[in-house]
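Colleague: Provided herewith is a single structure, encoded as structure tokens, for subsequent inquiry.
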Amino acid sequence: MSVAMVTGPNSGIGLVIARSLAERGYHLVAAGRSETRIAPVVAEIKDSGGSAEFLHLDLASLDSAKAAAVAFEKTGRTLDVLVNNAGIGVNRRGLTKDGFEVHFGINHLGHFMLTHHLRHTFRPGTRIVQVASSVHDRAPGIDFDLVRRKSSFAGLNEYAVSKLANVLFVREMARRQPDWRLYAVHPGLVSTNLIPGVVRFFYRNRILTPEQGADTALWCATSDDVADESGNYYAKRETRTPSPVALDDDLADELWRRSELWCGVTPQQ
């Protein structure tokens, strides 16, 4: 049985992706912080004849991200699909357990750590889908000093930087690991808990359902149409050109090297 891992599968587009992959015959590894919140998803999949399990993962802790990957590796299974979906939106402040600005630490660095330590479970052709956002184009770059400080009140700039990091991560990993297939996805403006109520009100005619928002990520995770592509950025099942900053190879390399340093890893570990 093919195996798929989805982070943040208890609500929003993560829930839709988790259900859909299970319906397609994947054994689902539902990775998240709260077993209480994820247990109903696992039970629903099993009750429907599917296969699923919970994996504890706190993306605000690099130790937890590593432990989750190590725990999965110990099962001896190969991972066919990894969907890095979990994250936080705007209006959040603070630092992660490791001292990083919360958006950067959770949306980028936690997933970087998880993906790095899962690499021994990947096979040629394993697909890694990173949920990003078109908001990345608001970021003029990455101030590597600011990612170690608390975010501003609204957190929009920090959120944009974290989504820029998502796109850069996909491009750089695709360059470094040609055997795997990586995709950065803009899901659109989706009605989830990440979107403040005032935004949902003013953009109510443009907002998408979780099913609509999950569509491109699922397409990248399963479709033969993108099987031979890697490192691209997608929206509405089409390749899109990300911001000029997201195409900066030097920045992508620097982000990768700093992420390795902060996570305490090397390519051989």
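Colleague: Just give me the residues in the stretch 19-36 being in a helix (DSSP H, G or I), surrounded by 15 or more Cβ atoms within 10 Å (Cβ to Cβ) and among the charged types (D, E, K, R), in sequence order. Outline the logic, then answer.
Modeller: Going through the stretch 19-36, the residues in a helix (DSSP H, G or I) turn out to be 19-23, 35-36.
So of that shortlist, the ones also surrounded by 15 or more Cβ atoms within 10 Å (Cβ to Cβ) come out as 19-22.
Listed by number, the list holds a single entry, 19.
Colleague: Criterion first (part of a loop (DSSP other than H, G, I, E, B), at negative phi and not polar (S, T, N, Q)) does residue 228 satisfy it?
Modeller: Values: part of a loop (DSSP other than H, G, I, E, B): yes; at negative phi: yes; not polar (S, T, N, Q): yes.
It is true that residue 228 is part of a loop (DSSP other than H, G, I, E, B), at negative phi and not polar (S, T, N, Q).
So that you can scan it fast, the table gives a plain yes or no per residue for (1) in contact (Cβ under 8 Å) with a residue 12 or more places away in the chain; (2) of a type in the set (Val, Ile, Thr); (3) at positive phi; (4) part of a loop (DSSP other than H, G, I, E, B):
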{"position": "81", "(1), (2), (3), (4)": "yes, yes, no, no"}
{"position": "98", "(1), (2), (3), (4)": "yes, no, no, yes"}
{"position": "105", "(1), (2), (3), (4)": "yes, no, no, no"}
{"position": "109", "(1), (2), (3), (4)": "yes, no, no, no"}
{"position": "115", "(1), (2), (3), (4)": "yes, yes, no, no"}
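Colleague: Still on this structure: Give 49, 12 a once-over and let me know the one that is at positive phi, of a type outside the set (Lys, Arg) and within 19 Å of the chain's Cα centre (by Cα).
Modeller: Values: 49 fails: within 19 Å of the chain's Cα centre (by Cα).
So the residue among 49, 12 that is at positive phi, of a type outside the set (Lys, Arg) and within 19 Å of the chain's Cα centre (by Cα) is 12.
Colleague: Related question: Closer than 22 Å to residue 184 by Cβ, buried (at least 18 other Cβ atoms within 10 Å of the Cβ) and modelled with pLDDT of 95 or more: is that true of residue 139 in this structure? Let's see the steps before the verdict.
Modeller: Working: closer than 22 Å to residue 184 by Cβ: yes; buried (at least 18 other Cβ atoms within 10 Å of the Cβ): yes; modelled with pLDDT of 95 or more: yes.
Yes, satisfied.
Colleague: Which of the residues spanning the stretch 142-172 are in a loop (DSSP other than H, G, I, E, B), at pLDDT 95 or above and among the aromatic types (Phe, Trp, Tyr)?
Modeller: Across the stretch 142-172, the qualifying residue is only 144.
Colleague: Using the structure shown, decide if residue 21 is under 29 Å from residue 98 (Cβ atoms) and either in contact (Cβ under 8 Å) with a residue 40 or more places away in the chain or aliphatic (A, V, I, L, M) (or both).
Modeller: On the way: under 29 Å from residue 98 (Cβ atoms): no; either in contact (Cβ under 8 Å) with a residue 40 or more places away in the chain or aliphatic (A, V, I, L, M) (or both): yes.
Spelling it out, it is not the case that residue 21 is under 29 Å from residue 98 (Cβ atoms) and either in contact (Cβ under 8 Å) with a residue 40 or more places away in the chain or aliphatic (A, V, I, L, M) (or both).
The values are calculated or read from the model by the stated rules, or taken from the named source; none is laboratory data. The model shown is predicted, which means the values in this text are computed figures rather than measured ones. Quick reminder, even Gly has a Cβ in these numbers, built from the backbone with ideal geometry, and neighbours come from all protein chains shown.
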